[in-house]
Amino acid sequence: MPSTVSSDCSLLYINPSSSGETEGGPLPMAIIKSYKGLSPKWGKECYFSENAAVVGDVTMGDECSVWFGATVRGDVAPITMGNRCNVQDGAVVHVTNTTGPTVMEDDVTIGHNATVHACTLRKGCLIGMGSTVLDGAEVGEGAVVAAHALVLSNTKIGPHEIWGGVPAKFIKQTKPNQAESYAAHYVEYAKEYLKDK
């Protein structure tokens, strides 16, 4: 889990000058917010876009990224993310006070505008763009939830399976490294964005 714990939002400036300001004033930065005394924690080389929001009881490993317009909100239960997870533009990761936490193991990719809610996402899985994974669901290691799919509460998706549709159903097995490769790409993208800070 994270080797560095920080609540210093100044770490999150994007493209700052030496003073952290531009001609128009301070640059925008990600929203990093405590809630009921619980603050987000993250590891080394994490990247947060300017209008990303990370709130409450959120713990991230190393080389994670939260992109433009994405929200990771651990207010009524914790969110735990392993290493090299990415939450892409417009996605939402949330929890439920009755169902419990959201757990993301290493190398999980949450695609653009997806919603994951109080569920468990195993190592290297891919949640496709615009899809929804509901409370108590479990997405297996290296599995793929297809774009715009709806994974109903308490659904169990096996390792290296592709599920799609509304409601989501099994389609076929994944190709080798089909899901896992996305996390590696996003680690590289984040490194490029961090160079411009």
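Some notes on this structure:
- Filtering the stretch 88-97 to residues that are open to solvent by 10 Å² or more (accessible area, probe 1.4 Å) and either β-branched (Val, Ile, Thr) or in a strand (DSSP E or B) (or both) leaves Val92, His94, Thr96.
- Residue tally, condition within 20 Å of Ser131 (Cβ to Cβ) and surrounded by 12 or more Cβ atoms within 10 Å (Cβ to Cβ), over the stretch 182-197: 3
- For the residues Val103, Val108, Val116, the requirement of being without any contact (Cβ under 8 Å) to a residue 40 or more places away in the chain, open to solvent by less than 40 Å² (accessible area, probe 1.4 Å) and in contact with a strand residue (DSSP E or B) (Cβ under 6 Å, 6 or more places away or on another chain) singles out Val116.
- Test: residue in the stretch 139-161 that is in a strand (DSSP E or B), open to solvent by 10 Å² or more (accessible area, probe 1.4 Å) and either of a type in the set (Asp, Glu) or touching a residue at least 60 places away in the same chain (Cβ under 8 Å) (or both): yes
- Scanning the stretch 31-87 for residues that are open to solvent by less than 10 Å² (accessible area, probe 1.4 Å), of a type in the set (Gly, Ala, Ser), part of a strand (DSSP E or B) and over 21 Å from Gly136 (Cα atoms) gives a single hit, Ser65.
- Options Cys64, Cys125; residue that is at pLDDT 95 or above and under 20 Å from Pro167 (Cβ atoms): Cys125
- Residue check for Ala179: open to solvent by less than 20 Å² (accessible area, probe 1.4 Å), in contact (Cβ under 8 Å) with a residue 12 or more places away in the chain and of a type in the set (Gly, Ala, Ser): yes
The values are calculated or read from the model by the stated rules, or taken from the named source; none is laboratory data. Fair warning: this is a prediction, and the values are worked out from it, not measured in the lab. Backbone-built Cβ (ideal geometry, glycine too); neighbour counts: all protein chains shown. The protein model used for the area step is the full one, side chains on, heavy atoms only, and it has no ligands, DNA or RNA in it. Shrake-Rupley method; radii C 1.70, N 1.55, O 1.52, S 1.80 Å.
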